[in-house]
Amino acid sequence: MIKRIICLILSLSILLFYIIPVFAILAKSSSWKDDINRYTVLLIDRSDSLIEKKDNIPNYYQRSSILPSIKSAAIKFVNITANSPRDFNYIALVTFGVNAIVASEFKMINRQNSSNYNELIKSINSIEHAYSSNFNVGFEKAKDLIEKEYKHFLPDSDDQFNIILFSDGLPNYGETLNDYKYCDYDYKYYKEANQIVFKADNFKKKKNCFIYSYRVNDRLLLS
């Protein structure tokens, strides 16, 4: 329950895809201008917590249980984006375990550009398991990609900048921050959680910057 509460607080607005369709991101604007640019980073956790352990079988891990669900959800979002009537949607892909990798820079995804679509889908399908969940390095990579585009953002623009986190839990590795929102009563790795919450809070202060999360199985994902 405590972990669930932490996850809920971390995001500006937790939009779970099983409740609200993923195209909510595409429509999140007061206007319906066709020339709005939408930059979305898919931030995918590939840590070993996504490997389901079989308690009754020593040293056995079901590697096919969780990560494919996350890949499927990410591909669903890409498909919806590709079929959107709006042409100015850009998607990038960052994966993380102990380290983070920019698996795909921003690509325009629409019905006319099958090459970009195919490359992005291939990158998602190529994701393999890593080790610990270092949310901080993953978030930094995603934020860096956003900021490269955000520097061209005009104050009166309706352009949108999104990070969607696909994961199954909370950070357990990486940078730490002792005093922020959580303490050792909340979570064993509360210092790691504090650091990512601090970074996320600062990111969301920028105009038109949003963070979303995806729920896999019965676990809430950090965003």
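Read-outs: derived from the displayed coordinates by stated rules, not from any lab. Everything quoted here is computed from the prediction, not taken from an experiment. As a convention, Cβ positions derive from the backbone with ideal geometry for all residues, glycine included, and neighbour counts pool all protein chains shown.
Some observations on this one:
- Remark: the range 73-154 is approximated by an ellipsoid whose semi-axes, taken from the C-alpha gyration tensor as √(5λ), come to 23, 17, 9 Å, largest first.
- Of the peptides 84-95, 119-130, 69-80, the ranking by mean beta-carbon count within 10 Å, highest at the top, reads 84-95, 69-80, 119-130.
- Mean Cβ neighbour count within 10 Å, used as a protection proxy, ranking 105-111, 139-145 highest first: 139-145, 105-111
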